[in-house]
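Q: Dumping the structure here so I can ask a few things about it.
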Amino acid sequence: MNNFSKITDNYLQFSQYTDPGLYGEVFKKSLPNDVREIGLLVRKQLIHRMVLKNGNTGSNADLRYGDTTRVPWTRQPEDDVFVTTSAMLAELFRRDPRGLVPDRAAENKLVLTCRFTTILMASLLKLKGIPARVRSGFAPYFVVDGLPAGKSDDHWINQYWDEKESRWVTIDVDGSIEGYLKFDPYDMPEETFDFSADAWLAVRSGKTDGDHFWNGGGNGGLMAISWELFYDFHCLMNDEIIYHHAPEITNFGKFDKLSEKQLAEIDDLAKLMQKPDDNFDQLKNIWETKKEFRLVKGGLIG
């Protein structure tokens, strides 16, 4: 096995988050072969918390995400509930026994954000024998009521390996049915998405103001970028951690006390992440040896 085959094989493996469990056998043969069709099917199962909050307005004025008035008032955002693909699939079947269907009613959709869209998409692509990975960074292209204009918003997307073209194709399933996009969300041009490593290094070098990058919790700057950077590092290692889990050095009260030496170590990680395939072995070594970057805190992890 050559080195690149080792890399693509790595992204065929399921993680604790992307493993579909027993549902894998259900979908292995029934899923469409086209990536765009799979993506649209995934998109039709979920509704974003911002869409639910804004109701049938803006992008959803034509009900492309479903009639939000039909969603029970008791339904709250479910990011803390269905954190794995198998959990999502189980609940999708519970709410509609037909499973993954394109005409899923709004009241039967899961209220989940981009991270969950990406792990479900990655799982289904892996099931089809397509190497896939989740990426975390920032999207400068969203126009959503409730998000600040002119900033790049924290966001998770996917990449899959196109064997025929010998390249990674970047896709944004979560944002794919927004009508204002000026690019193909199933083959995004380079520099459309702000990868977290690029954002980190741009701010560290003074090229870009840190406040240009914004987190859904209302935070910006280098600390918010560090969250996405370590989400992305973990995703590259097939460990698609949840929002509340991150290395302790990125936490409030810790990050602002990092020494220049510690920040430089993160710089070095970011430089490797800019070309994750070329630097895969080095990234893997960091993953296996550097506790500060791998072990997380948050929630019940003390």
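The values are calculated or read from the model by the stated rules, or taken from the named source; none is laboratory data. Because the structure is a prediction, the values reported are computed rather than measured. For neighbour counting, all protein chains shown are included, and Cβ atoms are generated from backbone atoms with ideal geometry for every residue, glycine included.
Q: Would you point out which residue out of 162, 154 is crowded, with 17+ Cβ neighbours inside 10 Å, at pLDDT 95 or above and more than 20 Å from residue 23 (Cα to Cα)?
A: Working: 162 fails: crowded, with 17+ Cβ neighbours inside 10 Å.
Only one candidate passes the filter, namely 154.
Q: Scan 240, 265 and give me the residue that is within 30 Å of residue 47 (Cα to Cα) and either part of a helix (DSSP H, G or I) or modelled with pLDDT of 95 or more (or both).
A: Numbers: 265 fails: within 30 Å of residue 47 (Cα to Cα).
Exactly one residue qualifies, and that residue is 240.
Q: Still on this structure: Identify, from the list 44, 6, the residue that is out of contact with any Ser or Thr (no Cβ under 9 Å at 6 or more places or on another chain) and farther than 21 Å from residue 240 by Cβ.
A: Details: 6 fails: farther than 21 Å from residue 240 by Cβ.
Of the residues listed, the single one that is out of contact with any Ser or Thr (no Cβ under 9 Å at 6 or more places or on another chain) and farther than 21 Å from residue 240 by Cβ is 44.
Q: Right, another one. Hey, does segment 62-76 have a residue that's out of contact with any Gly (no Cβ under 8 Å at 6 or more places or on another chain), surrounded by fewer than 20 Cβ atoms within 10 Å (Cβ to Cβ), of a type in the set (Gly, Ala, Ser) and in contact (Cβ under 8 Å) with a residue 40 or more places away in the chain?
A: no
Q: Just checking, does segment 16-29 include any residue being assigned to a strand (DSSP E or B), touching a Gly at 6+ places or on another chain (Cβ under 8 Å) and surrounded by 13 or more Cβ atoms within 10 Å (Cβ to Cβ)? Working first, answer last.
A: First, the residues of segment 16-29 that are assigned to a strand (DSSP E or B): none.
No, there is no match, as no residue in segment 16-29 is assigned to a strand (DSSP E or B), touching a Gly at 6+ places or on another chain (Cβ under 8 Å) and surrounded by 13 or more Cβ atoms within 10 Å (Cβ to Cβ).
Q: When the residues of segment 268-302 are narrowed to those that are outside any helix (DSSP H, G or I), touching a helix residue (DSSP H, G or I) at 6+ places or on another chain (Cβ under 8 Å) and among the charged types (D, E, K, R), which ends up surrounded by the most Cβ atoms within 10 Å (Cβ to Cβ)?
A: Here the residue is 297.
Q: Output the number of the condition that residue 9 fails; it satisfies all remaining conditions of (1) touching a residue at least 60 places away in the same chain (Cβ under 8 Å); (2) part of a loop (DSSP other than H, G, I, E, B); (3) charged (D, E, K, R).
A: (2)
Q: Let me ask something else about it. Answer yes or no: is there a residue in segment 115-137 that is among the hydrophobic types (A, V, I, L, M, F, W, C), surrounded by 24 or more Cβ atoms within 10 Å (Cβ to Cβ), touching a residue at least 40 places away in the same chain (Cβ under 8 Å) and farther than 21 Å from residue 24 by Cβ.
A: no
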